[in-house]
C-alpha cells in the first residue's frame, strides 16, 4: 500500500505516541529495493545469452529478466537478485539430466516465471533447490520431470514457496532440516513417490495446496514437529493421504481433505500430542489410524469421517482423545448417523440424559444416555449426529508471532475475552484495546496469568484489538460467532478509534465507509500488517479486509454503518 505523509506535524506526533508507545515490536529486515535490470535472450544488443551470464553481470538487488526460450544449463543463483522468466510455460531451464536445474545459494532471492526440468536423479538433485538460505521466494513456476526432487529445501528457513506446480518428478517437494517456511497454494500432482515431504523440519506452514494423484503418499511428516498442515486437498494417493511418522509431535492438522487411498491419516512410531481437527476423511480403506500403541496424547475431533472401509483404528486403548468434551463434541461418523445404528439425538447434557437436541448422538432410550462410537478399544464419547461445518474464510485467520491487530467479524453471543479467544488459549499472553471514551485511561489491557488489574475482559465485533502471539511461525485462530445478516452500526468518537470490520466481504475504502465521508467525517485510517510488521495507511484504493483491526481518526461523533 502507498504511504503518504500527514500534512500536520501534530497528527504525526499523535500517531507516533499512540501507535508505538504501547507495543514493543522487533522489525524484520526487508529486501532492499531493486536496481538495474539485466536481460537474457531476446534481441537486445546487451542481452546475455545464458542465465548464468546474466547473474554474473548482476549486482545485489538487480533483476535478471529472461525471455522465452530453452536454456540448457545448471543455474546457480549466488547473489541477492530477482530472477524472472517471461512466461512459465515457455521460459524453460533444462538441467540436462544431472545436478539442479536451479540452485539458490543466497538469501533474499526471488525466482518466478520459469519451467524447470531435467534435474538429475542423484541425492539432492532437483528442479529448484534452496540450500542453506533464508527469506527467499519461489513463486509461479512449473517444476516437472526432474529425476529426484521437484522443489527441494535443505537447511533453509523463512522462505516462501507459493503458487508453483510440481508434477511428474520422483518427489514433488521435499523440505529437509528446514524450519519456518511457508508453502502455500501449490499444485503437487502425479509424482512417482510422495507429494510433499517434511523431514526433520519444524514450525513450517503447509497451507491450501492441491496434492493430487501421487503414487505413494500425499503429505508425509518424518521426525517433524509443530507444523501447521491446513486446508490442503489431498486426494488420489496410493498409500497414505497424511502420514505422521517417527517422533513427529505437536503438529496441527486442520481443515484438510484426505480422500481416495489406503489410509486417510496415519500415525506411526511415537507421534504424540498432535491435533487432527476439522478434516474430511473419506473413501479410504482406513480413515484415521493410530497404528502404533506409542502414539498417544493426540486430539481428534470435529472431523467428518465418511464412507471409509474402516472408519478409524486406535491401538492405544484410549491413549488419544477422540472428542473435545461436551458440548463441543467429537467427530461425525457416516456409519453412525441413522436410528438403525442407534444414532438418536433426543437428549442433551454431558450424560445425554436431559430431554432436548444438542447435535450429539445419544441412546434414544426413554431416559437417554451416552452412545459412544467405538474405535477398537478407544471411544468417541460425543459423536456428532451431522457433519461438522468446516472452517471458511469467515471464521478463521492466520496470526503471526508477536503483535497482531485483528477483529472478529462475527456477532459474539458470549463476549467474554477468554471465550472469544479460546481456540488460541496457550498461544497468546496479552491483549489490549484503545477506548476513546475514557480520556483518563484509554488503554485497556488483559495479561494472561495476571492476578489483578486486568481491565479488558470482553471483546465484540465492533472492536479492533491487539493480541500478542507467543508461538513461532503461524498460528491458526478459529473463532465462533453468528454470521452477519444485516449491516452493523457502531459509534466513532472524536479522535482515534480502534475498531473492527464486521462485514462479509472486503471492500475498498469508499464502499466500506458507506455512510460516512472521508475526509469530512474521518480524515485518517491505518492498520497494521503483522507479516511485514509495518503500519499501513488506508488510501482511497485500498481495501478494508475481514479480520483486520483499524485505527480510524474521527473529526466528530458519527455512527458508522458497516456494509455487509
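The values are calculated or read from the model by the stated rules, or taken from the named source; none is laboratory data. All values reported here derive from a predicted model rather than from experimental measurement. Neighbour counts are summed over all protein chains in view; Cβ atoms, including those assigned to glycine, are modelled from backbone coordinates with ideal geometry.
From the list 17, 55, the lone residue that is within 18 Å of residue 112 (Cβ to Cβ), over 31 Å from the mean Cα position of the chain (by Cα) and either outside any loop (DSSP other than H, G, I, E, B) or at pLDDT below 95 (or both) is 55. Assess whether residue 298 counts as being buried (at least 18 other Cβ atoms within 10 Å of the Cβ) and at pLDDT 95 or above. The answer is yes for residue 298.
This table checks each residue for (1) under 17 Å from residue 126 (Cβ atoms); (2) over 17 Å from the mean Cα position of the chain (by Cα); (3) touching a residue at least 40 places away in the same chain (Cβ under 8 Å); (4) surrounded by fewer than 24 Cβ atoms within 10 Å (Cβ to Cβ).
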position	(1), (2), (3), (4)
181	yes, no, no, no
184	no, no, no, yes
209	no, no, no, no
218	no, yes, yes, no
223	no, yes, no, yes
228	no, no, yes, yes
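Taken over the range 78-121, residues that are surrounded by fewer than 22 Cβ atoms within 10 Å (Cβ to Cβ) and part of a strand (DSSP E or B) amount to 6.
Filtered by the rule that a residue be farther than 19 Å from residue 490 by Cα and either assigned to a strand (DSSP E or B) or not assigned by TED's automatic domain parsing to the domain that holds residue 504 (or both), the range 517-564 gives 528, 529, 534, 535, 536, 537, 543.
Kindly evaluate residue 124 against the criterion of being outside any strand (DSSP E or B) and within 24 Å of residue 213 (Cα to Cα). Answer is yes for this residue.
Exactly one residue among 477, 388 is touching a helix residue (DSSP H, G or I) at 6+ places or on another chain (Cβ under 6 Å), over 21 Å from residue 512 (Cα atoms) and buried (at least 16 other Cβ atoms within 10 Å of the Cβ), and that residue is 477. For the range 302-340, filtered to residues that are touching a residue at least 60 places away in the same chain (Cβ under 8 Å) and assigned to a strand (DSSP E or B), the residue that is surrounded by the fewest Cβ atoms within 10 Å (Cβ to Cβ) is 313. Every condition in (1) over 22 Å from the mean Cα position of the chain (by Cα); (2) loosely packed, with under 15 Cβ neighbours inside 10 Å holds for residue 429 except the one numbered (1). In the range 137-157, the residue that is nearest to residue 186 (Cα to Cα) out of those that are without any contact (Cβ under 8 Å) to a residue 40 or more places away in the chain and surrounded by fewer than 24 Cβ atoms within 10 Å (Cβ to Cβ) is 139.
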